[in-house]
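Take a look at the structure set out below.
The values are calculated or read from the model by the stated rules, or taken from the named source; none is laboratory data. Bear in mind that the values here come from a model prediction, so they are computed numbers and not experimental data. Quick reminder, even Gly has a Cβ in these numbers, built from the backbone with ideal geometry, and neighbours come from all protein chains shown. Side chains are part of the model used for accessible areas, which takes the heavy atoms of the whole protein and leaves out ligands, DNA and RNA. Shrake-Rupley method; radii C 1.70, N 1.55, O 1.52, S 1.80 Å.
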Amino acid sequence: MSEELKDNGKPVNRRSFLGAGAAAIAGAAIFNVAAKAQSRDNIHAAEHDHATSRLSPINKAIADANPDSELPPDTDHGDVPSFWYSFDLAHRRIQEGGWTCQVTQRDLPVSNELAGVKMRLTAGSYRELHWHTADEWGYVTGGSVRTTVLAPDSTVFIDDVPEGDIWYFPAGYPHSIQGLANDGGEFLLVFDNPMFSEYETFLVSDWIAHTPETTVARDLHVGLDAVAKMPKGELYIFPGTVPGSLEQDRAEVGGQAVVTKIPYTYHLKDIEPTYKTPGGTVHVVDSSNFLASTNIAAAVVKIKPGGMREMHWHPNGSEWQYYVKGSASMTVFEAAGKARTISFKQNDVGFVPSIAGHVIRNTGDSDLVFLELFRANRFIDLSLNNWMRRLPSLMVKEHLNVSDADLKKFPVDKQIILGK
Ligand code: MN
Ligand code: MN
């Protein structure tokens with residue numbers, strides 16, 4: 001009897017076989033396995049008996065956008081708090097020149113290492129000169145921007161960052177962001193503090209406004225008449241003039257003699273993917289190839305329709321995700337048998353608790369692009385199939401009830417992204 005079940009390849013709860021009637025129970029178990037195999041990913045096997053029906057109205061737009069919560073796979077189990085939020089639920093602070101909104105631990109309580117901000121600057125508009133207590137990782141999602149950052153050794157880095165490229169500004173380093181022609185830019189910012197607030201940064205205007213005018217005049221070697229014209233409060237986002245060429249700006253501040261020792265931008269589009277598989281590509285961007293990025297490691301993942309980011313986990317922390325394009329379904333496995341599946345769409349934020357197992361499927365008919373971000377120096381991961389194939393075969397066979405023939409089918413190497 002138990003051999004028959006093993007051949008079925010399905011883990012069986014051995015407690016089912018205790019006591020009399022074991023044969024009948026086991027027979028039912030086989031029937032269930034067959035029935036489940038016919039439904040998509042074991043989803044809502046109970047629908048056949050009317051169990052999923054409703055007698056009162058629902059918010060259909062939300063239910064339709066969240067099929068994995070509405071009709072979860074029946075492998076989901078236990079009380080797993082939501083690991084989903086969306087920038088499209090966040091309050092937008094809109095000012096002349098653009099807008100901003102944020103998703104922090106206030107909005108997504110499980111997210112305990114990083115926080116995110118989205119921002120739009122129209123052509124010429126500035127995110128005011130500022131600095132802050134957290135490191136900032138930036139990723140342009142549309143258009144292009146010009147960035148500047150000053151290092152403590154008085155060198156400066158100025159660069160234009162188009163869609164798909166990245167910047168990194170260490171905590172305390174003062175910087176600026178400005179929208180370029182023709183329509184400015186939109187970007188994601190990620191901070192290495194889960195409770196970071198974009199609205200609590202050190203602004204040049206605020207400092208000037210809250211320092212005695214005679215002190216400002218003395219410090220900048222100007223008259224009180226000049227100080228009187230300076231801002232009396234924060235500018236934050238405000239309209240400006242589209243700058244001249246990058247070469248002009250770089251030359252004006254002192255040219256090559258005052259350029260930082262390392263770059264603070266990363267032009268991802270110019271670089272070959274770290275992994276390229278039949279299912280998609282992954283660009284790893286961390287301190288190994290982007291020296292400035294010392295405390296946030298990233299992977300930019302592109303998955304083709306029907307593809308899947310393999311069952312894997314990260315031994316060095318939690319994963320904060322931003323979904324750039326497309327739609328996805330992610331199952332997160334926590335300890336003690338807990339698991340939950342949640343649907344994601346572009347502009348959503350996802351999260352995987354520290355070291356938890358997870359798998360991400362592209363559920364749409366276009367490419368899925370998402371970011372895996374870590375409060376870490378390096379991107380590292382472990383793969384389920386790779387683990388199984390680095391062990392003595394007897395050990396794996398006795399854990400998973402697999403035959404020799406099936407165990408040999410497990411891929412040896414990390415798959416990273418599986419094809420359709
Ligand atoms: Mn900043
Ligand atoms: Mn991951």
Taking only DSSP H segments of four or more residues, each worth -39500 (n - 2.57), what value at 222 nm results for the chain once the sum is divided by all its residues, to the nearest 500 deg cm²/dmol?
-> -5000 deg cm²/dmol
In debye, nearest 20, what is the charge dipole magnitude of the stretch 211-347 about its Cα centre with +1 on Lys and Arg Cβ and -1 on Asp and Glu Cβ, if you could check?
-> 660
Residue separation times 0.36 nm, minus the C-alpha to C-alpha distance between L391 and A226: what's the value?
-> 52.1 nm
Could you rank the peptides 198-211, 331-344 by their average count of other C-beta atoms within 10 Å per residue, with the highest value first?
-> 331-344, 198-211
In Å, the Kirkwood estimate of hydrodynamic radius for the chain over Cα pairs equals 24.4
Can you pull the percent of the stretch 199-335's accessible area that's carbon plus sulfur, 1.4 Å probe, other chains left in place?
-> 60
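Taking the highest mean first, how do the peptides 159-165, 254-260 order by number of other beta carbon atoms within 10 angstrom per residue?
Details: 159-165: 18.4, 254-260: 12.1.
Going from most to least packed, we get 159-165, 254-260.
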Compare the Cα positions of Q102, I380, S288 along the charge dipole of the chain (+1 at Cβ of Lys, Arg; -1 at Cβ of Asp, Glu; about the Cα centre) and return the one farthest towards the positive end.
-> I380
Ignoring ligands, DNA and RNA, what percent of the accessible area of the stretch 83-123 is carbon or sulfur (1.4 Å)?
-> 49
Arranged from highest to lowest average of other beta-carbon atoms within 10 Å per residue, in what order do the peptides 91-104, 218-231 appear?
-> 91-104, 218-231
Selection from V204, F410, F87 lying farthest towards where the dipole of the chain points positive, charges on Cβ = F410
Quickly work out the S288-to-I262 label distance, labels modelled 7 Å from Cα along the C-beta direction, and quote it in nm with one decimal.
-> 1.5
Probe 1.4 Å, accessible area per residue of the chain, Å² | 51
Which of the residue pairs K269/K325; K325/K414; K304/K345; K118/K345; K118/K229; K304/K414 have a Cα-Cα distance greater than 20 Å in the structure shown?
-> K325/K414; K118/K229
Distance in nm between pseudo-label sites at N377 and K60 (7 Å out along the Cβ direction from Cα) = 5.5
For H314, what is the net charge nearby, where nearby means another residue's Cβ is under 9 Å from its Cβ and Lys, Arg count +1, Asp, Glu -1?
-> -3
When each pair of different Cα atoms in the stretch 45-112 is counted once in the 1/r mean, what is the Kirkwood radius in angstroms, to one decimal?
-> 15.4
Label W99 and I355 with points 7 Å out from Cα along Cα→Cβ: what is the distance between them in nm?
-> 4.1
